[in-house]
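Okay, structure first, notes after.
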Amino acid sequence: MGMTMPNTLFQRNFAEALLSNPDSEILTWGYRAKPWVYEFAREHGVPLTYCEDGFIRSTGLGNERQQPLSLCFDRQGLYFDATRPSDLETILQNYDFDADRQLMRRASDCRDKLISMGLSKYNFAPTFDVEVVYGPKTARRILVVGQVETDASIKYGCDRPIDNNDVVRLAKAENPDAQIIYKPHPDVLFGSRNKVSEPDDVRDIATIVTERIPLPDALRTVDHVYTITSLGGFEALLRGIPVTTLGCPFYSGWGITDDRQLCPRRTRKLNVLQIFAAAYMLYPTYRDPFTHEKIDIERAIELMQELLAARRAGVDKTPAATLAATVA
């Protein structure tokens with residue numbers, strides 16, 4: 001959790017020390033910094049780095065304030081911002097995946113482990129028999145992965161106003177004979193984030209998931225996924241499920257998704273494993289939440305499995321995130 005630092009306090013206590021050190025840089029969480037922070041960095045040539053959670057984060061939801069296993073540090077922008085390039089997009093556009101056979105072998109192994117272990121970005125609940133909610137499968141199943149509609153990933157990743165109910169209605173219109181399943185975002189479902197659209201308004205055309213179902217379980221028996229920009233779309237792709245994106249998430253525009261918003265900067269064709277290698281291995285930094293030492297993705301997966309097993313046994317071992325002052 002961050003605390004806002006006013007400009008006057010920064011100028012009085014930190015500006016001189018920052019400018020006297022040629023190795024100084026400014027880190028800001030997401031795009032939450034005040035305008036004066038960006039102006040200060042530009043005026044004085046101080047490098048500014050944007051920080052955001054990685055794609056294997058924690059047990060529990062983000063609002064539980066647990067320390068993340070992975071963070072993304074980006075000098076250009078952020079991975080969810082389709083309005084400008086990010087370091088992740090640059091990797092995807094330029095990295096020679098074919099020449100890095102060791103990376104791709106590791107990527108294949110890690111993808112298989114994530115799937116077999118049922119791991120996701122947030123790992124918060126026991127495994128769930130989705131047939132209890134979905135019912136017997138008698139038609140194609142379309143899963144709509146909902147999002148927090150006020151989230152920055154939609155603000156910067158979608159070029160037009162759209163909400164979760166719009167996605168549900170589109171999925172039904174394009175798949176009239178399919179079973180439409182709508183999974184609202186957990187933060188919205190359990191009241192920690194505000195909703196814009198009301199899930200009950202589309203109950204006549206969709207099965208609304210109100211249970212705490214982990215995304216890997218929710219994806220079982222699903223034939224197609226619709227979403228705006230959710231990471232859940234990429235987790236579906238990892239499992240071989242076709243995905244339609246209404247916005248422009250980091251994994252769209254490379255030839256593996258049904259894109260309803262184009263990104264002219266993305267001119268390369270990539271496969272799912274190459275995008276996984278970039279987003280989960282080359283882009284983020286992993287750290288042990290207990291020792292704070294840098295680790296690789298393989299160890300992060302092992303740790304996540306251990307922490308999730310402990311949580312499901314009723315013992316949550318993950319350290320809580322510490323209160324930190326940030327320039328914001």
* Structure fact -> Contact list, first residue from segment 196-221 and without any contact (Cβ under 8 Å) to a residue 12 or more places away in the chain, second anywhere and among the small types (Gly, Ala, Ser) and outside any loop (DSSP other than H, G, I, E, B), beta-carbon distance below 6 Å, six or more apart or interchain, is none
* Structure fact -> Cβ pairs under 6 Å, 6+ apart or interchain, first in segment 70-86 and under 16 Å from Ala278 (Cα atoms), second among the aliphatic types (A, V, I, L, M) and not in a loop (DSSP other than H, G, I, E, B), ordered by first then second residue, are Tyr79/Leu88
* Asked: For segment 105-118, does any single residue satisfy the condition of being under 22 Å from Arg239 (Cα atoms), buried (at least 21 other Cβ atoms within 10 Å of the Cβ) and within 16 Å of the chain's Cα centre (by Cα)?
  -> yes
* Structure fact -> Here the residues within segment 290-316 that are buried (at least 20 other Cβ atoms within 10 Å of the Cβ) and part of a loop (DSSP other than H, G, I, E, B) are none
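Among the listed residues Cys72, Cys110, Cys51, identify the single one that is outside any helix (DSSP H, G or I), out of contact with any Leu (no Cβ under 6 Å at 6 or more places or on another chain) and closer than 30 Å to Glu306 by Cα.
Values: Cys110 fails: outside any helix (DSSP H, G or I); Cys51 fails: out of contact with any Leu (no Cβ under 6 Å at 6 or more places or on another chain).
Just a single option satisfies the conditions, and that option is Cys72.
Any chance segment 274-288 includes a residue that's among the small types (Gly, Ala, Ser), in contact with a Gly (Cβ under 9 Å, 6 or more places away or on another chain) and in a loop (DSSP other than H, G, I, E, B)?
Narrowing segment 274-288 to residues among the small types (Gly, Ala, Ser): 277-279.
Among the residues that remain, those that are also in contact with a Gly (Cβ under 9 Å, 6 or more places away or on another chain) are: 279.
Narrowing the set further to residues that are in a loop (DSSP other than H, G, I, E, B) leaves none.
No - not one qualifying residue is present in segment 274-288.
Out of Pro249, Pro242, Pro264, which single residue is surrounded by fewer than 22 Cβ atoms within 10 Å (Cβ to Cβ) and under 19 Å from the mean Cα position of the chain (by Cα)? Can you show your working first?
Details: Pro249 fails: surrounded by fewer than 22 Cβ atoms within 10 Å (Cβ to Cβ); Pro264 fails: under 19 Å from the mean Cα position of the chain (by Cα).
Step by step, each of Pro249, Pro242, Pro264 is checked, and only Pro242 is surrounded by fewer than 22 Cβ atoms within 10 Å (Cβ to Cβ) and under 19 Å from the mean Cα position of the chain (by Cα).
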* Asked: What's the number of the condition Gly240 fails, among (1) within 19 Å of Asn123 (Cβ to Cβ); (2) of a type outside the set (Phe, Trp, Tyr); (3) free of Cβ contacts under 8 Å to residues at least 60 places away in the same chain?
  -> (1)
* Structure fact -> When restricted to Ile213, Ile162, Ile205, Ile180, the only residue more than 21 Å from the chain's Cα centre (by Cα), in a loop (DSSP other than H, G, I, E, B) and not aromatic (Phe, Trp, Tyr) is Ile205
* **Selection status of Asp151, modelled with pLDDT of 95 or more and of a type in the set (D, E, K, R)** => no
* Could you count how many residues in segment 165-177 are under 27 Å from Cys263 (Cβ atoms) and either at pLDDT below 95 or not in a helix (DSSP H, G or I) (or both)? -> 1
* **Flag for Arg57 being more than 19 Å from Gly157 (Cα to Cα), among the charged types (D, E, K, R) and surrounded by 12 or more Cβ atoms within 10 Å (Cβ to Cβ)** => yes
* Name the single residue, out of those in segment 149-205 being out of contact with any helix residue (DSSP H, G or I) (no Cβ under 8 Å at 6 or more places or on another chain) and of a type in the set (Phe, Trp, Tyr), that is surrounded by the fewest Cβ atoms within 10 Å (Cβ to Cβ). => Phe190
* Asked: Just a yes or no: is a residue in segment 108-116 out of contact with any Asp or Glu (no Cβ under 9 Å at 6 or more places or on another chain) and at pLDDT below 95?
  -> no
* Structure fact -> Per the list (1) part of a helix (DSSP H, G or I); (2) under 17 Å from Phe80 (Cβ atoms); (3) modelled with pLDDT of 95 or more, residue check on Asp187 breaks on (3)
* Qualifying residue in segment 136-145 (condition: over 25 Å from Asp259 (Cα atoms), assigned to a helix (DSSP H, G or I), hydroxyl-bearing (Ser, Thr, Tyr) and modelled with pLDDT of 95 or more) -> no
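The values are calculated or read from the model by the stated rules, or taken from the named source; none is laboratory data. Just so you know, these numbers come straight off a predicted model, no measurement behind them. Cβ atoms come from the backbone with ideal geometry, glycine included; neighbour counts cover every protein chain shown.
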